[in-house]
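The values are calculated or read from the model by the stated rules, or taken from the named source; none is laboratory data. Predicted model, so just to flag it, every value in this text is computed and none were measured. Using ideal geometry, Cβ is built from the backbone for each residue, glycine included, and neighbour counts are taken over all protein chains shown. Side chains included, ligands, DNA and RNA excluded: accessible areas come from the protein's heavy atoms. Shrake-Rupley method; radii C 1.70, N 1.55, O 1.52, S 1.80 Å.
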Amino acid sequence: MSDLKTQRQEERLKYIDLCAYVMGFVNRKILMNRFDVKEAWATNDFKTYQVRSNEGLIYDHGLKAYKPIDSFSPIFEHESATAIQLLSNGSQTIVCEPSFASKSYSCKIPSVMPELKTIYPVLRAISLNKQVDIEYFSRSKGKTKRKLSPHSLIKTGCFDYVRAFDHNENEHRTFKLSRIFTAKFVNEKPKGNEVMDKDHDWNTEVKIIIGINSDGKEKETIKFDYGFKSDTIEIKLKKAIVPFFLMDWNIAPKEHLNLPTQLFPLKQLNPKV
């Protein structure tokens, strides 16, 4: 096999490995759609992967896909950011040509990213609609053990969160992925009020009215920065997302109107929701 063909197959094998590890399943159709290859190529890739992984996958007729065996261990290294992007966006970043960026400088604010080997059971539970046992650091309770029924990921500027039903508190809550230090996949489906459809704040849309946190000469500049057409803007979003939206945009909440404009150029005008 030529070097180019070998490289391309390695990319497909790594994708099989990532999907099995994080999503808990993978099949030929997924591979064919991602890489635009024929069924024969996908079949050969799975045969090659099984040899490389020592039969690390087993076919599940219910899923109509291969799933990892109980003792599965990935044969490639994967980054947490790649796995989270795959599950939350359904996509992967592709590097086109490094020289394109040679005339610019970019600086990404460091974010705390959990290790994939720690959080993959949570991501797999979301993918397969199952449960997960975790150990978690909370500011209010310290180190705790919890059973979650996770249903969605929330991505903000610096952190990633999971929205889940907390069996300990008997309600839906949001958990920071980087605070999870152990996780174990539980092959049980959520029941009753544990499912996403019963998550009231996730399924409730609210309207946030945002204004300028200044009456000085910088007001017009702030309006220009944020694309204001008038003195306020209205934004509709899930109620569960409101705290993260306020943090991500540095918006002063309704109850804290005297925060400095330099750090909080915007303010929330309508009552707290």
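Structure data summary
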item: Residue match in segment 28-35 (condition: aliphatic (A, V, I, L, M), out of contact with any Leu (no Cβ under 6 Å at 6 or more places or on another chain) and farther than 30 Å from residue 114 by Cβ); result: yes
item: Selected residue [open to solvent by less than 80 Å² (accessible area, probe 1.4 Å), closer than 28 Å to residue 114 by Cβ, at pLDDT 90 or above and touching a helix residue (DSSP H, G or I) at 6+ places or on another chain (Cβ under 6 Å)] from 165, 137, 175, 181; result: 165
item: Residue among 189, 229, 217 that alone is under 19 Å from residue 130 (Cβ atoms) and open to solvent by 30 Å² or more (accessible area, probe 1.4 Å); result: 189
item: Residue within segment 41-56 that is under 24 Å from residue 122 (Cα atoms) and modelled with pLDDT under 95 present; result: no
item: Extreme residue, farthest from residue 156 (Cα to Cα), among residues of segment 195-254 that are in a loop (DSSP other than H, G, I, E, B) and without any contact (Cβ under 8 Å) to a residue 12 or more places away in the chain; result: 217
item: Per-region count, segment 232-264, residues open to solvent by less than 60 Å² (accessible area, probe 1.4 Å) and in contact with a Ser or Thr (Cβ under 7 Å, 6 or more places away or on another chain); result: 3
item: Hits in segment 17-51 - residues which are open to solvent by 10 Å² or more (accessible area, probe 1.4 Å) and either closer than 21 Å to residue 132 by Cα or among the β-branched types (Val, Ile, Thr) (or both); result: 21, 23, 25, 30, 37, 43, 48, 51
item: Segment 68-81, subset within 15 Å of residue 113 (Cα to Cα) and surrounded by fewer than 16 Cβ atoms within 10 Å (Cβ to Cβ), residue nearest to the chain's Cα centre (by Cα); result: 81
item: All positions within segment 114-134 that are of a type in the set (Gly, Ala, Ser) and open to solvent by 20 Å² or more (accessible area, probe 1.4 Å); result: 127
item: Breaking point among (1) outside any helix (DSSP H, G or I); (2) open to solvent by 50 Å² or more (accessible area, probe 1.4 Å), for residue 11; result: (1)
